[in-house]
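So the structure is just underneath, and the comments pick up after that.
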Amino acid sequence: MTQTVARKNLVALGTIVRREIMRILRIWGQTLMPPAITMTLYFLIFGGLIGSRVGQMDGIRYMDFIVPGLVMMSVIQNSYGNISSSFFGAKFGRHIEELLVSPMPNWVILSGYVAGAVLRGVIVGAIVLCIAMLFTTVRIPHPLVMLGSVLLGATIFSLAGFVNAVYAKKFDDIAIVPTFILTPLTYLGGVFYSVKLLPDWAEAATHANPVFYMVNAFRYGLLGVSDVSLWVAFALMLGFVVVLGALGLWLLKRGTGMRS
């Protein structure tokens, strides 16, 4: 009996993930191409033109320094955007109610949507990393650290995007958080500069930014350098996953914003 339930849950999870993958690939011109074009411009302008005048950052060529931040930024934005638009679309189309009344456990619903969003983030991150190879030599001294930071970062912002979608009442609500919260956090998270360049008060404020830890963990995976301890970075990211995951399950259980 337990094996039968587990098999059904696995099929349900696979179905949600497969639907999310097909959605990403069906509209690849909207999901995969724009971040690739945007990041190419970043590499050309910040890495090529401005970077040639900056020289080095923390003893690293500026082009190499910004690669981890730009990859992680694309992962975060696309993971967040995928689940917020997809789940809100399910709410808007009223077919989320079919999932809620089904015998499917809430963790399967949440895991399916999060897995699809994480996959999009990883795909876009891989595309951006390939684009970076056109501008510089990419070495990966710590591949497990790189992979772990990408997966945890994508999961955190997938869960955050889910919470946004739950509370959103109209499509405009989906754009508020990325515009006024997510974008400032990523740009002020050490993507383009080392925190050591900041005055003391700004450095302290940056340490309160979760994106800062994700970028630096990923930078350690690619370059072997980081402004923070890896243990602190991964502990913080795991903490966010647990808290946001529990919040997502609680919201599904209550049916917040999903049941009229």
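The values are calculated or read from the model by the stated rules, or taken from the named source; none is laboratory data. This structure is a prediction, so every number in the text was calculated from the model and none was measured. Backbone-built Cβ (ideal geometry, glycine too); neighbour counts: all protein chains shown. Only protein heavy atoms, including side chains, enter the accessible area calculation; ligands, DNA and RNA are left aside. Shrake-Rupley method; radii C 1.70, N 1.55, O 1.52, S 1.80 Å.
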Starting from the exponent 0.38 and prefactor 2.2 Å, build the expected Rg for the chain from its residue count and divide its actual Cα Rg by it. 1.05
Highest first, please rank the peptides 244-255, 120-131 by the mean number of other Cβ atoms sitting within 10 Å of their residues. 120-131, 244-255
Helix 2-26: inclination vs the chain longest Cα principal axis, degrees, rounded to 10, gives 60 degrees
Got a sec? Which residues in segment 232-260 would a label at Ile176 touch, if it sits 7 Å along Cα→Cβ and we count backbone N under 18 Å? 256-258
Based on Cβ point charges of +1 for Lys and Arg and -1 for Asp and Glu, what charge dipole magnitude is obtained for segment 1-136 about its Cα centre, in debye rounded to the nearest 20? 360 debye
So how tilted is helix 230-254 from the main axis of the chain? Cα-based, degrees 0 to 90, rounded to 10. 20 degrees
Using a 1.4 Å probe on the protein heavy atoms only, what accessible surface does Tyr167 show? Give it in Å² to the nearest 10. 130 Å²
Could you work out the relative contact order of segment 64-176, using alpha carbon pairs under 8 angstrom and six or more residues apart, expressed as a whole percent? 48 percent
Pseudo-spin-label distance Met33 to Leu197, built 7 Å along Cα→Cβ, given in nm, is 3.4 nm
Under the rule of at least 5 residues apart or a separate chain, name every residue whose amide H is placed under 5 Å from the amide H of Ile60. none
Gap separating the Cα centres of segment 227-247 and segment 29-66, nearest whole Å: 27 Å
Taking protein heavy atoms only, a 1.4 Å probe, and rounding to whole percent, the accessible area of segment 2-49 owed to carbon and sulfur comes out at 73 percent
Counting helices only, and only those DSSP H runs with n ≥ 4, report the 222 nm mean residue ellipticity of the chain as the sum of -39,500 (n - 2.57) divided by its residues, in deg cm²/dmol to the nearest 500. -24000 deg cm²/dmol
Quick one: if the Förster radius is 22 Å, what FRET efficiency do Cys130 and Arg53 give, using the C-beta to C-beta distance and rounding to 0.05? 0.25
Rounded to the nearest 10 Å², what accessible area does Glu98 have for a 1.4 Å probe in the complete protein model? 130 Å²
Given Pro34, Gly257, Ile66, which one lies farthest toward the positive end of the charge dipole of the chain, if we put +1 on the Cβ of every Lys and Arg and -1 on the Cβ of every Asp and Glu? Gly257
Stokes-Einstein D for segment 107-167 at 20 °C, 1.002 mPa s, Kirkwood Rh over Cα pairs, in µm²/s? 166 µm²/s
What is the pair-distance distribution P(r) of segment 86-131, computed from all Cα-Cα distances in 5 Å bins starting at 0, with each bin given as a whole percent? 5, 19, 20, 21, 12, 9, 8, 5, 1
Got a sec? Charge dipole of the chain, +1 on Cβ for Lys and Arg, -1 for Asp and Glu; which of Pro103, Phe43, His207 is way out at the positive end? Pro103
If you place +1 on the Cβ of every Lys and Arg and -1 on the Cβ of every Asp and Glu, how big does the dipole about the Cα centre of the chain come out, in debye to the nearest 20? 860 debye
Karplus ³J(HN,Hα) for segment 146-156 (6.51 cos²θ - 1.76 cosθ + 1.60, θ = phi - 60°; Hz, whole; x = Gly/Pro) runs 4, 5, x, 5, 5, 5, 5, x, 5, 5, 4
Any chance you could get the radius of gyration and Dmax over the Cα atoms of segment 180-241, in Å? 11.1, 32
With axes computed from alpha carbons, what is the tilt in degrees of helix 210-223 against the longest principal axis of the chain, rounded to the nearest 10 within 0 to 90? 60 degrees
